[in-house]
Structure formats: structure tokens, C-alpha cells
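*Asks:* One structure, as C-alpha cells, below. Some questions next.
The values are calculated or read from the model by the stated rules, or taken from the named source; none is laboratory data. Computed from a predicted structure; not experimentally measured. Cβ placement follows ideal geometry from the backbone for every residue including glycine, while neighbour counts extend to all protein chains displayed. Accessible surface areas use protein heavy atoms only, side chains included; no ligands, DNA or RNA. Shrake-Rupley method; radii C 1.70, N 1.55, O 1.52, S 1.80 Å.
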Amino acid sequence: GPVLHGYFRSSCSWRVRIAFALKGIEYDQVPVNLIKDGGQQLTDKFKTLNPMQQVPAVEIDGITISQSLAVIQYIEETRPGPRLLPTDPKKRAQVRMICDLIASGIQPLQNLYVIQKIGAEKVQWAQHFIERGFQALEPILKETAGKYCVGDEISMADICLVPQVYNAERFKVDVGKYPTIKRLNQTLIEIEAFKVSHPSCQPDTPADLRA
């Protein structure tokens, strides 16, 4: 079966865990501790798996795929189960737009590697870029959302949203200012696939952070 090299708190790893859970795919986890030993993602061994030295990296069907959205689209294209991308091209474009906004426009600017380079202003820096992203995301979701991010089917957009809201809360962003984001997140975190994949209950979650 597939092997996910990830980290309990990595939002990109969490995206992949949600997708596996939604599709009902069994997989093994190999924890890569981004903090310990100066960062296990920086070892030569891991570098051969993912030259970008980031998690996640997934071994599946005889290949290794890094970049969470590429992993999710691969399992969407090769595995049965609930659709993660809508059939309608316009809705599909909206899903990809939301995913790209989060995966390119917000998450990289507040990830561990970038934050470590910033020094003292870590929290303000992270807050600034998350707020800037959420100010754009809120009106977009207001247009596209039904019960979920795009209409009434769970999609890759929802898979990206929940881990990003988790990060926002970690960085003390007031999510209440974004009522659509808040509502969608509250709906999604009650769904089993989002619960079982949550950072508080992974094999590598430290005891003090366990749910």
C-alpha cells in the first residue's frame, strides 16, 4: 500500500491524510520530524525521496510523488470512491483556484522554513500573510460555497481549507472576521475523514498535543 512520509502538524501532510481518508485508502505513515535532529527532512536519505526536502512525500504504485496537490490529484485519477474534483469544468476551475490560492498564496509564506528565516517577527509575519490570503478567500468562497467550499460536494478545496484554518488558529488569527471560512471549517471538522486525519491524533503526535 501507499506510504506517506509526513509530519503530524504539517498542513500539506494533513491534506494528503484527508484525501486518503475520504477515499477510504489504507496507507502507512513514516514520520519525518521537522524539528528534531535539526530537521529530519534535511537528511540525505530524505533528500533522495524529495529533493525539495519538504513533507509530504508519498510512495505509491511504484513512484514517489511530492507536492500535496499532485498526490491528491493522482489518487483522484487512480482510485475509486467519492470524487475530489467536480465534473463540471467551471466548478472544477473554482476548486483549483481556491487550492492554488491556499497552496501558493498563503501556506508557503507561513511555513516552518520561511518562519525560521524571519527571526523575531515570526507571529506577526505569519498573521500578515494569512490575513491577506483570507481577505481574498472570504469573498471568493462567499460566491462559490454551498454546504462546502464549492457547492454541496466535498472537494480538494475543502481539503486545503481545513489545515489552513488550523494554521491560522495556531498563529492567533481571528477567524471570526471571515464568516464564510469559519462556517465551512466548522462543518468540515465534524466529518470523520477530517477528524481521523487531524494533527492531534497521528502516530507521531507528541503526548502533550494529543486529543
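*Asks:* Among the listed residues TYR166, TYR148, which satisfies the condition of being outside any helix (DSSP H, G or I) and either at pLDDT below 95 or closer than 20 Å to ILE72 by Cα (or both)?
*Replies:* When all the criteria are applied, what remains is TYR148.
*Asks:* If you don't mind, another one. Select from the range 70-91 the residues that are open to solvent by 70 Å² or more (accessible area, probe 1.4 Å), assigned to a helix (DSSP H, G or I) and under 16 Å from VAL150 (Cβ atoms) and list them in ascending order.
*Replies:* Hits for the range 70-91 are PRO89, LYS90, LYS91.
*Asks:* Can you work out which of the residues in the range 176-199 that are assigned to a helix (DSSP H, G or I) and under 19 Å from TYR27 (Cβ atoms) is most open to solvent (accessible area, probe 1.4 Å)?
*Replies:* GLU192
*Asks:* Checking the condition buried (at least 16 other Cβ atoms within 10 Å of the Cβ), under 17 Å from ILE154 (Cα atoms) and not hydrophobic (A, V, I, L, M, F, W, C), which residue from GLN94, GLN67 passes?
*Replies:* GLN94
*Asks:* Take ILE154 and decide whether it is within 16 Å of the chain's Cα centre (by Cα), closer than 20 Å to VAL95 by Cβ and in a loop (DSSP other than H, G, I, E, B).
*Replies:* yes
*Asks:* Mind telling me which of the residues GLY133, GLY146 ends up being outside the structural domain of VAL32 (by the TED database), free of Cβ contacts under 8 Å to residues at least 12 places away in the same chain and either over 16 Å from ARG96 (Cα atoms) or touching a helix residue (DSSP H, G or I) at 6+ places or on another chain (Cβ under 8 Å) (or both)?
*Replies:* When all the criteria are applied, what remains is GLY146.
*Asks:* So which of ALA70, ALA57 ends up being within 23 Å of TYR113 (Cα to Cα), touching a Phe, Trp or Tyr at 6+ places or on another chain (Cβ under 8 Å) and not assigned by the TED database to the domain that holds PRO163?
*Replies:* ALA57
*Asks:* Output the residues belonging to the range 44-54 that are touching a helix residue (DSSP H, G or I) at 6+ places or on another chain (Cβ under 8 Å) and open to solvent by 20 Å² or more (accessible area, probe 1.4 Å).
*Replies:* GLN53, GLN54, listed by residue number.
*Asks:* Filter the range 11-42 down to the residues that are without any contact (Cβ under 8 Å) to a residue 60 or more places away in the chain and buried (at least 21 other Cβ atoms within 10 Å of the Cβ) and list them by number.
*Replies:* Passing the criteria: SER13, VAL16, VAL32, GLN41.
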